[in-house]
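The values are calculated or read from the model by the stated rules, or taken from the named source; none is laboratory data. Because the structure is predicted, anything quoted here is derived from the model rather than measured. Ideal geometry is used to build each Cβ from the backbone, glycine not excepted, and the neighbour counts take in all protein chains shown.
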Amino acid sequence: MTVRDNLAFNLKAHGVKQAEIDKRVAEIAKYLHVEDLLELKPAALSSGQKQRVNIARALVRRPAVLLLDEPLSHLDAALRVKMRTEIKRLHTEQRFTTIIVTHDQLEAMALADRIAVLNDGKLQQFDTPLQVFNHPANEFVAGFLGEPPMNIFAVKGDSNRRLVVPGTEFSLPVTDYVGRLLGDRKSVRLGVRPWGIHVSQNPSEVSVPGTVSVVENLGDETRVGVRYGDMLLMASTDMTRIYKPGSKVHLTFEDEDLNLFDEDTGERLTA
């Protein structure tokens with residue numbers, strides 16, 4: 001069958017009138033940019049075109065529940081972004097429940113009202129995108145969601161009420177908030193997202209000294225990597241600040257940007 005016949009097939013089987021079929025096929029074909037493919041057979045389509053047609057076949061039915069397994073994986077980057085917007089719009093307009101399986105975290109964040117994070121078949125966290133992103137239930141969720149991923153590394157408490165990475169310059173003051181999270185623990189895993197780290201050339205009482213190892217200029221942001229022993233700590237800053245490998249910098253962390261994880265269970269600590 002042609003693409004047009006494929007899109008219309010289920011509607012015909014359910015006795016939908018031809019005028020309504022033509023209207024819905026034309027509408028969905030435009031949404032998914034397959035209107036120029038309607039008279040082609042599947043053998044003439046690329047893998048990305050086939051994927052769009054498959055999505056169209058599902059959406060044209062206006063289902064009560066829509067199940068999508070990696071629906072955008074074969075599309076190029078530009079079309080993937082556009083398709084995310086269209087799927088979100090269709091979902092909002094049609095109000096059908098949609099369950100999407102994806103390894104693309106940007107896709108999950110952009111499309112979901114709720115995200116379920118699975119690891120080895122076990123549910124790690126089920127919550128809103130922002131809650132999962134800002135308050136991960138454990139170290140796995142924290143490291144899985146985010147691009148670039150959250151910096152997560154082992155620290156030890158010392159007698160001066162500081163969290164340190166032994167053998168390096170990393171030495172972070174233990175604030176009252178961090179102290180409540182630590183409790184009696186001597187060692188934890190510290191997590192902070194790149195944009196939760198403020199990079200400056202000026203030291204302060206609470207800053208951590210370091211030397212720039214890697215600089216990635218991405219247009220809308222600059223990612224600065226500071227190495228402490230075997231650990232590369234990535235920070236994100238705006239393009240107005242210029243850093244070069246070898247530059248001396250000072251990193252500052254706000255309490256609200258810090259996550260502490262139990263070193264044995266990986267669970268995030270709460271006050």
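General remarks:
A quick yes/no check of all residues on (1) outside any strand (DSSP E or B); (2) farther than 16 Å from ARG114 by Cα:
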position: ARG61; (1), (2): yes, yes
position: LEU68; (1), (2): no, no
position: LEU79; (1), (2): yes, yes
position: LYS88; (1), (2): yes, no
position: THR92; (1), (2): yes, no
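Every residue, every condition in (1) at pLDDT below 95; (2) among the aromatic types (Phe, Trp, Tyr); (3) touching a Gly at 6+ places or on another chain (Cβ under 9 Å), yes or no:
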{"position": "GLU216", "(1), (2), (3)": "yes, no, yes"}
{"position": "ARG223", "(1), (2), (3)": "yes, no, no"}
{"position": "ASP230", "(1), (2), (3)": "yes, no, no"}
{"position": "THR237", "(1), (2), (3)": "yes, no, no"}
{"position": "THR240", "(1), (2), (3)": "yes, no, no"}
{"position": "TYR243", "(1), (2), (3)": "yes, yes, no"}
{"position": "SER247", "(1), (2), (3)": "yes, no, no"}
{"position": "GLU256", "(1), (2), (3)": "yes, no, yes"}
{"position": "LEU260", "(1), (2), (3)": "no, no, yes"}
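- Residues that are out of contact with any strand residue (DSSP E or B) (no Cβ under 9 Å at 6 or more places or on another chain) and exposed (fewer than 13 other Cβ atoms within 10 Å of the Cβ) do not occur anywhere in region 202-209.
- When the residues of region 59-92 are filtered to those that are of a type in the set (Asp, Glu) and at pLDDT 80 or above, the one that is farthest from ALA108 (Cα to Cα) is ASP76.
- Test result for VAL199, surrounded by 14 or more Cβ atoms within 10 Å (Cβ to Cβ) and free of Cβ contacts under 8 Å to residues at least 60 places away in the same chain: yes
- Checked against (1) assigned by TED's automatic domain parsing to the domain that holds ARG189; (2) touching a strand residue (DSSP E or B) at 6+ places or on another chain (Cβ under 7 Å), GLU139 passes all but a single condition, namely (1).
- Region 96-130 - residue that is in a strand (DSSP E or B) and among the hydroxyl-bearing types (Ser, Thr, Tyr) and, of those, surrounded by the most Cβ atoms within 10 Å (Cβ to Cβ): THR98
- Residue pairs whose Cβ atoms lie under 8 Å apart, sitting 6 or more positions apart in sequence or on different chains, and linking a residue in region 247-263 that is more than 12 Å from LEU182 (Cβ to Cβ) to a partner that is outside any helix (DSSP H, G or I) and among the aromatic types (Phe, Trp, Tyr), are VAL249/TYR243.
- First in region 28-56 and touching a residue at least 24 places away in the same chain (Cβ under 8 Å), second anywhere and outside any loop (DSSP other than H, G, I, E, B) and of a type in the set (Asp, Glu), Cβ under 8 Å, 6 or more apart: ALA29/GLU35; TYR31/GLU86; LEU32/GLU86
- Neighbours by Cβ (under 6 Å, 6+ apart or cross-chain): first from region 182-194, more than 17 Å from LEU233 (Cα to Cα); second charged (D, E, K, R) and crowded, with 20+ Cβ neighbours inside 10 Å: none
- Among the residues of region 248-261, at least one is assigned to a strand (DSSP E or B) and surrounded by fewer than 13 Cβ atoms within 10 Å (Cβ to Cβ).
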